[in-house]
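Before any comments, here is the structure.
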């Protein structure tokens with residue numbers, strides 16, 4: 001039988017993907033799990049495996065096309081029937097020879113117009129019987145057209161017919177996804193209220209030129225990543241009431257420790273020790289001290305997360321990506337340097353894996369590398385806060401009764417005010433600050 | 001307008017018609033001196049005397065048989081069967097005689113008789129086996145009879161008056177659970193409710209629920225519950241089960257596309273089966289779901305124990321569940 005391969009869900013909050021490169025072509029035989037096509041989602045590029053062995057049939061989505069999860073990508077034919085997944089009355093009865101040959105020769109006549117489950121199954125049985133006789137297997141058009149829409153009741157058929165509705169476009173909310181009469185009515189309703197695509201723009205008739213002239217400048221069409229970032233940022237601000245606060249951190253201890261250990265560290269691990277690594281460690285300690293900063297807001301409660309999975313904002317290409325160090329609090333500074341290093345490397349090369357990007361409980365942004373001194377980041381949902389380490393700038397500060405020059409870094413925290421109030425935020429920042437300011441060249445890195 | 005109970009509406013109809021038409025007489029067990037075990041004929045004996053309000057022996061076949069004779073002789077008799085459960089002995093008279101008289105005499109003779117009986121049970125009716133049955137399907141099967149089941153005092157009075165003026169035999173079954181529990185404003189002046197016409201008591205867009213008798217009220221409660229979830233159930237009180245208001249049934253079913261028939265009487269071979277068949281045949285192309293029925297269980301009689309009667313009886317909850325099942329299809 002033929003089955004429709006659909007856009008899979010490639011990540012927990014992924015709702016759509018863009019077709020990348022087709023790895024197979026119509027007529028090609030594929031094994032089960034063999035990759036059919038590349039799909040690009042907001043962060044990850046993945047390959048869609050064939051759900052069963054078969055022959056690639058019609059390609060339903062072109063390269064560059066954006067599809068929602070569940071939309072059809074292609075047809076896979078000649079798939080062995082392991083068990084019927086269609087609801088129906090019972091087993092199909094044996095099909096007599098002359099009928100089965102008629103069905104194999106002309107599946108369009110047999111199945112197309114009526115498309116009732118019993119008739120589709122008859123056509124499939126006939127085909128299955130014939131396939132062993134080495135006849136070319138032909139897909140039942142009903143399967144791709146009607147089969148996925150479920151049972152079409154007389155009322156739905158009549159209404160869709162009268163109103164010239166393409167049933168395959170209607171979303172079914174009835175039993176087992178059945179399209180109900182109401183679904184068709186709502187579909188018609190939506191079609192009336194949505195503005196027609198090719199209608200002239202609504203503007204004063206006297207100045208049609210003004211409303212239709214393009215804006216000056218060039219255009220950058222949205223990449224999937226840009227869309228994903230845009231959606232997330234809007235949603236994040238709409239979900240969490242963002243509050244912001246900061247502390248100044250004297251990084252002289254960290255600077256001294258880095259200077260003392262840098263070359264030895266590189267020799268031992270191949271990694272350049274940076275302020276970020278110390279920042280990661282201190283953030284983990286502070287999250288343990290203030291667990292509500294490592295939490296999720298739910299309707300009835302604040303869910304404190306057991307694991308500390310620290311996300312690191314990394315600039316890539318035209319956007320940003322946030323790979324996650326899982327169980328970050330279990331690492332030493334050196335361990336964090338290695339774990340973060342590997343993640344950042346993969347992210348920058350576009351090779352971030354799905355598990356690299358999932359499960360974050362808090363995010364750290366090393367904006368200082370970019371030169372800014374104060375940043376108001378947007379929370380990475382559904383986390384409780386996002387911490388930015390801005391630039392380390394040598395400044396005159398008061399030490400004792402005198403002035404000294406110290407490397408000062410602003411630590412800026414955007415936090416979800418539903419979960420934490422100012423006091424907890426301040427406690428958290430204070431903990432990061434204390435931890436960083438306690439670092440000396442004698443601090444243990446491993 | 002005065003508010004009266006269902007049983008008072010029945011009594012008022014009898015009284016008003018007996019005043020208006022000398023030919024109307026009433027006969028049955030305890031209808032005279034006692035005024036009926038439910039008070040349906042209270043005051044009639046006192047007003048109209050023993051010639052027109054007749055206490056009969058405990059003999060249902062005779063009650064109906066004698067009434068048929070009176071009808072043939074030009075009177076307009078009302079035969080009361082004290083509980084519908086007691087009607088089987090009278091069925092030969094009703095089915096083989098009353099129903100066939102006009103037909104077999106080629107219009108020379110007719111039988112303008114009303115057979116009234118309290119029917120139905122319920123958790124608080126405490127009727128148990130022989131004081132609770134709903135047997136309307138047995139009569140709805142017979143051409144030549146009309147079968148009416150009003151669900152409220154207003155319809156009870158109007159339909160009884162219509163039955164009393166009907167030239168052919170009418171079975172008029174009153175739900176005893178509604179007798180005293182249901183009050184309603186009922187006009188003093190004369191009015192008729194036509195036999196053979198149903199009524200939409202609660203309009204809706206998504207499901208047609210055809211029902212009659214006390215079940216109408218349970219269906220309305222169930223419909224209200226679905227209404228809170230945005231599912232609009234149209235409750236249609238059939239009022240007459242023979243002849244069915246085919247036009248109303250088809251119009252409603254065609255409009256909504258989903259049908260549930262609900263009645264207290266046992267589901268198997270009940271009136272619901274006839275309504276469902278009608279819908280399936282006449283409205284097939286408009287259906288958006290299977291035609292469903294809900295009715296009494298496959299149990300010979302309602303138990304006396306309240307806890308068991310609860311399990312037996314329909315009630316708004318079971319109707320609601322069935323409606324939701326249909327709505328979700």
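Return the residue satisfying two criteria in turn: it lies in the stretch B:251-300 and is part of a loop (DSSP other than H, G, I, E, B) and surrounded by fewer than 19 Cβ atoms within 10 Å (Cβ to Cβ), and of such residues it is nearest to the other protein chains (Cβ to nearest Cβ). Even if it seems obvious, please write down each step before you answer.
Quick first cut of the stretch B:251-300, residues part of a loop (DSSP other than H, G, I, E, B) only: B:257-258, B:267-270, B:283, B:287-291, B:297-300.
Applying the additional criterion that residues be surrounded by fewer than 19 Cβ atoms within 10 Å (Cβ to Cβ) yields B:267-269, B:290, B:297-300.
Details: B:267: 22, B:268: 22, B:269: 24, B:290: 9, B:297: 25, B:298: 23, B:299: 29, B:300: 32 Å.
Checking each candidate, the answer is B:290.
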- Task: Could you please find all residues in the stretch A:150-171 being part of a helix (DSSP H, G or I) and in contact (Cβ under 8 Å) with a residue 24 or more places away in the chain?
- Result: A:155, A:156, A:159, A:160
- Note on the stretch B:184-204: residues over 28 Å from residue B:277 (Cβ atoms) and not in a loop (DSSP other than H, G, I, E, B) are B:184, B:185
- Which of the residues belonging to the stretch A:232-258 are touching a residue at least 40 places away in the same chain (Cβ under 8 Å) and part of a helix (DSSP H, G or I)? A:232, A:233, A:235, A:236, A:237, A:239, A:252, A:253, A:254, A:255, A:256, A:257
- Looking for whichever is crowded, with 18+ Cβ neighbours inside 10 Å and out of contact with any strand residue (DSSP E or B) (no Cβ under 6 Å at 6 or more places or on another chain) here; the options are B:74, B:69, B:127. Which one fits? B:127
- Message: For a quick check of your reading: which strands (runs of 3 or more DSSP E) sit entirely within the stretch B:1-111 and have at least 1 residues that are within 21 Å of the chain's Cα centre (by Cα)?
- Response: B:3-5, B:24-28, B:76-80
- Query: Which one of these is part of a helix (DSSP H, G or I) and out of contact with any strand residue (DSSP E or B) (no Cβ under 6 Å at 6 or more places or on another chain): B:181, B:225?
  - Reply: B:225
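Going by what's in this entry, would residue A:296 be described as surrounded by 14 or more Cβ atoms within 10 Å (Cβ to Cβ), in a loop (DSSP other than H, G, I, E, B) and touching a residue at least 24 places away in the same chain (Cβ under 8 Å)?
The answer is no for residue A:296.
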- Query: Is the stretch B:230-245 home to any residue that is within 14 Å of chain A (Cβ to nearest Cβ), surrounded by fewer than 18 Cβ atoms within 10 Å (Cβ to Cβ) and either within 21 Å of the chain's Cα centre (by Cα) or over 24 Å from residue B:164 (Cα atoms) (or both)?
  - Reply: yes
- Query: In the stretch B:205-219, what residues are within 14 Å of chain A (Cβ to nearest Cβ) and not in a loop (DSSP other than H, G, I, E, B)?
  - Reply: B:207, B:208
- Item | Condition broken by residue A:339, with the remaining ones in (1) over 30 Å from residue A:47 (Cα atoms); (2) buried (at least 17 other Cβ atoms within 10 Å of the Cβ); (3) in contact with a helix residue (DSSP H, G or I) (Cβ under 8 Å, 6 or more places away or on another chain) satisfied | (1)
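The rows are residues; the columns are (1) under 20 Å from residue A:414 (Cα atoms); (2) assigned by TED's automatic domain parsing to the domain that holds residue A:291; (3) not in a loop (DSSP other than H, G, I, E, B).
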site: A:307; (1), (2), (3): no, yes, no
site: A:311; (1), (2), (3): yes, yes, yes
site: A:336; (1), (2), (3): no, yes, yes
site: A:340; (1), (2), (3): no, yes, yes
- Answer residue from the stretch A:170-191, given it is more than 20 Å from residue B:204 (Cα to Cα) and more than 10 Å from chain B (Cβ to nearest Cβ) and is modelled with the lowest pLDDT among those: A:191
- Test residue A:165 against the stated conditions and say whether it is at pLDDT 85 or above and either within 14 Å of chain B (Cβ to nearest Cβ) or touching a strand residue (DSSP E or B) at 6+ places or on another chain (Cβ under 7 Å) (or both). no
- Give me a count of the residues in the stretch A:260-273 that are within 18 Å of residue A:392 (Cβ to Cβ) and either within 37 Å of the chain's Cα centre (by Cα) or free of Cβ contacts under 8 Å to residues at least 24 places away in the same chain (or both). 3
- Single residue of the stretch B:301-311 satisfying the filter (in a helix (DSSP H, G or I), in contact (Cβ under 8 Å) with a residue 40 or more places away in the chain and within 21 Å of residue B:219 (Cα to Cα)) that is nearest to the other protein chains (Cβ to nearest Cβ): B:310
- Residues satisfying the stated conditions in the stretch A:237-254, i.e. within 19 Å of residue A:293 (Cα to Cα) and in contact with a strand residue (DSSP E or B) (Cβ under 9 Å, 6 or more places away or on another chain): A:239, A:240, A:241, A:242, A:243, A:244, A:245, A:246, A:247
- Message: Condition (residue is assigned by TED's automatic domain parsing to the domain that holds residue A:259, within 25 Å of residue A:259 (Cβ to Cβ) and assigned to a helix (DSSP H, G or I)) applied to the stretch A:369-391: is it met by at least one residue?
- Response: yes
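The values are calculated or read from the model by the stated rules, or taken from the named source; none is laboratory data. Note that the coordinates shown come from a computational prediction; the quantities given were computed from them, not determined experimentally. Cβ sites come from the backbone with ideal geometry, for glycine too, and all protein chains shown count toward neighbours.
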